[in-house]
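Reviewing the structure listed below.
The values are calculated or read from the model by the stated rules, or taken from the named source; none is laboratory data. Every value quoted in this text rests on a predicted model; they were computed, and no experiment measured them. Don't worry about glycine lacking a Cβ; one is built from the backbone with ideal geometry, like all the others, and counts go over all protein chains shown.
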Amino acid sequence: MNHYRKKNYYRKRNFSNRNNRRYKDTYHQPKEQTTDSLTPHSLHTLTKGDVEAVVESMLSGTLSQGKELERFESLLAKLTHCHYALAVNSGTAAIHTALAAIGIEEGDEVITSTLNFCAVANMTRMMGGVPVLVDCDPETLTLSVEEAGKVITPRTKAIFANNFAGQPSDMFALRELCDEHSIFLLEDACHGLGGRYRGHYTGNQADMTCFSFQPSKAITSGEGGAVTTNDVDRFAFMKLFRHHGIQKDPDYFQSEDVHAGYHQEVQFQGMNYKMSELQAALGRNQLTRLDRHLERRRAIAQVYQTNLAEVEGVILPQSAEWADHAFHLYPIQLTGPFFGKRDAIFDDFYSNGIAVQVHYVPIHLMPLYREENEEKNFPNAETYYKNCISLPIYPDLGIKEIDRIVDVLKKSLESHKDVDFIQDMFKEEVEGQEDQLEVAEKAKEETPTKTRGRKKTTPYRRRTRKKDPEVTEAAEEPKAAEELKPAEEPKSESEPQKKEKPVEPVPVEEVQAADPLEPAAEETEKKPKRRPPARKNVTRTRKTKKKTAEKEEPASEQKAPTEEKPQEESVSAEKSPVEEAPAEEVKTKPAPKRKVTRKKPTKAAEKKAEDTTEETVEKPKAKTTRKRKTAETTTRKPRATRARKAAEPKEKKAEKPVEPTEEKPKKVTRTRKKKAKTEPTPAPETPKAEEKQDE
């Protein structure tokens, strides 16, 4: 049995009296803060993987220009989306290498921003060029495109843009400017590794881009830098310039003699800017955590933004719409009552154990460049420099430290608030309000008083067209006649309203004598035509000719609409029985479908109907109320005839002619025949139905 595994499984083994907990990795942990320690402005991060990568490179057998350097350069080129990347031992070395690659000579001008680190100006001056300093943009604090366009001359060789605190310059505008004047565009992106310009990683917008891997940057290799480019010839030149300009490839020897394998040539003056294998291994391992470091920096910047957004007199760094800020620095500016009090607040931070910085002192204020730029003006850079403070920001900065930094800043601002400045501001506001009141009072005095309603217009100001005298006289005559009329007295509410005379009914004799087709002419002229009243089924006894007479509406009907019923009855009473027949047909007119199926009764059926009518008159009508309704509304044969058929003797049935259409009624008579024997049913016949059968 393996006792080692068993003991290890149950965690019973103990080494050097330490706890059974797993060994804690302290490489990536922040330093514990004490009362005596100082919160740093920037701090690098290290992990166990960084240490292991450095140890492996030390044990590999090569400490310079080995495989680790090639791996680091290829990874950086992929990250920046460039074809080539050259690693050197510092950011300043990268700037020098880029300037040498474009061939800076004596008298060549290089335009750069005065608000930047001095490496660009120093390297340009060391190579014999002339650094031309321009002012910065007030919002992004990077190189101003407008100012750069003003200082371009025929001797200008390149524009060296800068990435300030992680905010890139407007590279598209600078590219158009450089293409217009046929000059190079270089970029100092030592603060901007991992940032983006219009969605693309910083490093491939310029002809050559320089980076720095100093410990305060997003990633570190101890000390180091790099240059990225897409130009093969520039990359080959920089590779030789990094190693004293020595050429070891015999294909590129300038001498025609045949030499041995050890031969090499120095073709131009170069520098020793090689990066060691230890630096390359550390930088390569940190590149794998670049996104994590940037997310942490942006999160810290967001906390600063929320805590200081409402603080008066503080301007926070802003990110342009077309850029993703890398937040290498977090510089704030003091304005209002704190203008010019940067040094006092700077001392308060250090007295509370917090390290802050000022980035940067403008280059034109340095003794080396002061004489050359005395006549120039740099208002944006100078105002920023007098009131800027860079707060601590690095990936391992804790939330408690951030809150402490914010509290110290707020307390310092309250203690150094300029009372005189506030009083002056208050006085200016009061004076401005008084001036506004005076102006408003003067305006009221000058303007006339306004009346409610419509504006009164004077006749002499109003413009009118000239009218013809004949037209005006004709229009004035009816007006004068109206004025002479006596005014009607207004009716009082107390006076009773006059009742209208009741309409006298017209006697029946006059209605009978009058011809309905010739209405009274006088009454029709006086009163307008009205729609005739609705007619009921009972009064439908007039002929078609009388319907035409109703459209003309005689005066008798208009005057007395209530007397319509007696008139109709009188007219219907005088009519002959021949004329009454169509009225009854209208009442009991069957549906068109049933007319088609109905057949004429046979002689035998007529005889039966005559026999049944005599019996129905004698029988009582006690239970015919419900069946009367059916007789009035429908045109079916009454059920009494079917019942009588069942009561008739069989001999009469035999005399009937057999018809195929009357098979169904035969079945009904058989079923009802039994009922007729026991209890004969009364005939539910109505008088109207009897008249039909007689016809």
Would you tally the residues in the range 81-115 being in contact with a strand residue (DSSP E or B) (Cβ under 9 Å, 6 or more places away or on another chain), closer than 24 Å to Ala148 by Cβ and in a helix (DSSP H, G or I)? 9
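For the range 162-178, check the following and say yes or no: at least one residue is part of a loop (DSSP other than H, G, I, E, B), free of Cβ contacts under 8 Å to residues at least 12 places away in the same chain and either hydroxyl-bearing (Ser, Thr, Tyr) or not assigned by the TED database to the domain that holds Val361 (or both).
To start, the set of residues in the range 162-178 that are part of a loop (DSSP other than H, G, I, E, B) comprises 163, 165-166, 168-170.
From what's left, free of Cβ contacts under 8 Å to residues at least 12 places away in the same chain: none.
No: the range 162-178 contains no residue that is part of a loop (DSSP other than H, G, I, E, B), free of Cβ contacts under 8 Å to residues at least 12 places away in the same chain and either hydroxyl-bearing (Ser, Thr, Tyr) or not assigned by the TED database to the domain that holds Val361 (or both).
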Could you say whether any residue in the range 189-204 is outside the structural domain of His328 (by the TED database), part of a strand (DSSP E or B), closer than 26 Å to Ile104 by Cα and not aliphatic (A, V, I, L, M)? no
Quick check on my filter: what residues within the range 303-335 are within 33 Å of the chain's Cα centre (by Cα), surrounded by fewer than 22 Cβ atoms within 10 Å (Cβ to Cβ) and among the small types (Gly, Ala, Ser)? Ala309, Ser319, Ala320
Looking only at residues in the range 43-61 that are part of a loop (DSSP other than H, G, I, E, B) and among the hydroxyl-bearing types (Ser, Thr, Tyr), which one is farthest from Asp396 (Cα to Cα)? Ser60
Looking at Gly128, is it in contact (Cβ under 8 Å) with a residue 24 or more places away in the chain, outside the structural domain of Gln333 (by the TED database) and either of a type in the set (Ser, Thr, Tyr) or in a helix (DSSP H, G or I) (or both)? no
With the checklist (1) under 30 Å from Lys341 (Cβ atoms); (2) in the same structural domain as Phe164 (by the TED database) in hand, flag the one item Val311 doesn't pass. (2)
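Take the conditions polar (S, T, N, Q) and either within 24 Å of Asp135 (Cβ to Cβ) or surrounded by fewer than 24 Cβ atoms within 10 Å (Cβ to Cβ) (or both) and apply them to Thr228. Does it pass? Before the answer, list the steps.
Numbers: polar (S, T, N, Q): yes; either within 24 Å of Asp135 (Cβ to Cβ) or surrounded by fewer than 24 Cβ atoms within 10 Å (Cβ to Cβ) (or both): no.
Considered against the rule, which asks whether it is polar (S, T, N, Q) and either within 24 Å of Asp135 (Cβ to Cβ) or surrounded by fewer than 24 Cβ atoms within 10 Å (Cβ to Cβ) (or both), Thr228 comes out as no.
This table checks each residue for (1) under 27 Å from Pro138 (Cα atoms); (2) modelled with pLDDT under 95; (3) of a type in the set (D, E, K, R).
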residue	(1), (2), (3)
Asp396	no, yes, yes
Arg404	no, no, yes
His416	yes, yes, no
Asp424	yes, yes, yes
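For every residue, the table says whether it meets (1) among the small types (Gly, Ala, Ser); (2) assigned to a helix (DSSP H, G or I); (3) in the same structural domain as Thr209 (by the TED database).
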| residue | (1), (2), (3) |
| --- | --- |
| Met238 | no, yes, yes |
| Ala260 | yes, no, no |
| Gly270 | yes, no, yes |
| Lys274 | no, no, yes |
| His328 | no, no, no |
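Could you please let me know if Ala77 is of a type in the set (A, V, I, L, M, F, W, C), assigned to a helix (DSSP H, G or I) and closer than 22 Å to Leu143 by Cβ? Walk me through it before giving the result.
Numbers: of a type in the set (A, V, I, L, M, F, W, C): yes; assigned to a helix (DSSP H, G or I): yes; closer than 22 Å to Leu143 by Cβ: no.
Judged against the criteria, Ala77 is not a match.
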Name, by its number, the condition in (1) under 30 Å from Leu46 (Cβ atoms); (2) outside the structural domain of Thr112 (by the TED database); (3) touching a residue at least 60 places away in the same chain (Cβ under 8 Å) that does not hold for Arg298. (3)
Please determine whether any residue of the range 265-272 is more than 16 Å from Val54 (Cα to Cα), free of Cβ contacts under 8 Å to residues at least 60 places away in the same chain and among the β-branched types (Val, Ile, Thr). yes
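Looking at Glu321, Glu310, can you tell me which residue is in a loop (DSSP other than H, G, I, E, B) and within 22 Å of Leu141 (Cβ to Cβ)? Break it down into steps so the answer makes sense when it comes.
Values: Glu310 fails: within 22 Å of Leu141 (Cβ to Cβ).
Being in a loop (DSSP other than H, G, I, E, B) and within 22 Å of Leu141 (Cβ to Cβ) holds for just one of Glu321, Glu310, which is Glu321.
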Being of a type in the set (Ser, Thr, Tyr) and loosely packed, with under 13 Cβ neighbours inside 10 Å narrows it down to one of Ser57, Ser37, Ser90, so name that one. Ser37
Taking the range 293-349 and keeping residues closer than 18 Å to Ala218 by Cα and touching a Cys at 6+ places or on another chain (Cβ under 9 Å) leaves His328, Pro331
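Please determine whether any residue of the range 248-257 is at pLDDT 95 or above, basic (Lys, Arg) and not in a helix (DSSP H, G or I). Explain how you work it out, then say what you get.
Initially, the range 248-257 is screened for residues at pLDDT 95 or above, giving none.
Checked against the condition, which is being at pLDDT 95 or above, basic (Lys, Arg) and not in a helix (DSSP H, G or I), the range 248-257 yields no hits at all.
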